[in-house]
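Asker: Structure in structure tokens, see below.
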Amino acid sequence: MRKVEAIVRSEKFEAVKRALEERGFTGMTVYEVRGRGEESGIELEYRGHVIRVDLLPRVKIEVYVEDDRVREVVEAIMEAAWTGQPGDGRIFVLPVLEAYRIRTRERINSTGS
């Protein structure tokens with residue numbers, strides 16, 4: 001089992017969610033976050049003053065999937081979140097050593113065993 005973490009533009013979240021749902025990935029955890037990468041923020045003009053905003057609003061999405069479906073999740077996110085401009089985001093794939101369902105107390109198959 002793997003955890004796929006994606007940090008994407010806020011305005012691309014609905015497209016990413018839809019792309020995942022269309023491929024059968026309905027379970028996800030979503031956070032509103034702030035951050036910056038290569039774009040190092042933006043400058044806005046407010047009431048005649050220039051204001052530097054260096055931490056931009058983003059959405060972080062976590063999806064847990066079986067190892068053989070990771071590529072499918074990554075591709076769906078990349079296709080839906082892409083604009084071709086700096087700030088499109090990042091995707092991280094991490095191993096999940098163990099997972100449990102609280103309601104039934106069962107161990108979720110996370111190592112292929």
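Asker: Considering each of 65, 73, 50 in turn, give the residue that is within 13 Å of the chain's Cα centre (by Cα) and hydrophobic (A, V, I, L, M, F, W, C).
Answerer: 73
Asker: Select, from 50, 8, the only residue that is of a type in the set (Val, Ile, Thr) and surrounded by fewer than 12 Cβ atoms within 10 Å (Cβ to Cβ).
Answerer: One residue alone meets the criteria, 50.
Asker: As an exercise: evaluate residue 21 against (1) surrounded by 12 or more Cβ atoms within 10 Å (Cβ to Cβ); (2) touching a residue at least 12 places away in the same chain (Cβ under 8 Å) and give the number of the one condition it does not meet.
Answerer: (2)
Asker: Could you list, in sequence order, all residues of the range 1-49 that are farther than 25 Å from residue 95 by Cβ and assigned to a strand (DSSP E or B)?
Answerer: Within the range 1-49, 9, 32, 34, 42, 43, 44, 45, 46, 49 qualify.
Quick grid of which residues meet (1) without any contact (Cβ under 8 Å) to a residue 24 or more places away in the chain; (2) assigned to a loop (DSSP other than H, G, I, E, B); (3) over 22 Å from residue 21 (Cα atoms):
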position: 51; (1), (2), (3): yes, no, yes
position: 62; (1), (2), (3): no, no, no
position: 71; (1), (2), (3): yes, no, no
position: 86; (1), (2), (3): no, yes, yes
position: 91; (1), (2), (3): no, no, no
position: 94; (1), (2), (3): no, no, no
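Asker: Still on this model: With the condition kept exactly as written, say whether any residue in the range 75-83 is touching a residue at least 40 places away in the same chain (Cβ under 8 Å), touching a strand residue (DSSP E or B) at 6+ places or on another chain (Cβ under 8 Å) and polar (S, T, N, Q).
Answerer: Looking for residues that are touching a residue at least 40 places away in the same chain (Cβ under 8 Å), touching a strand residue (DSSP E or B) at 6+ places or on another chain (Cβ under 8 Å) and polar (S, T, N, Q), one finds at least one in the range 75-83, hence yes.
Asker: Also, I was wondering about something else. Only residues that are within 20 Å of residue 11 (Cβ to Cβ) and surrounded by 15 or more Cβ atoms within 10 Å (Cβ to Cβ): list them for the range 60-79, please.
Answerer: Scanning the range 60-79 gives 60, 61, 62, 63, 76, 77, 78.
We did not get these values from a lab; they are worked out from the coordinates using the rules stated. For clarity, every value in this text was computed on a predicted model and none was experimentally measured. Every residue, glycine among them, receives a Cβ derived from its backbone with ideal geometry; neighbour counts consider all protein chains shown.
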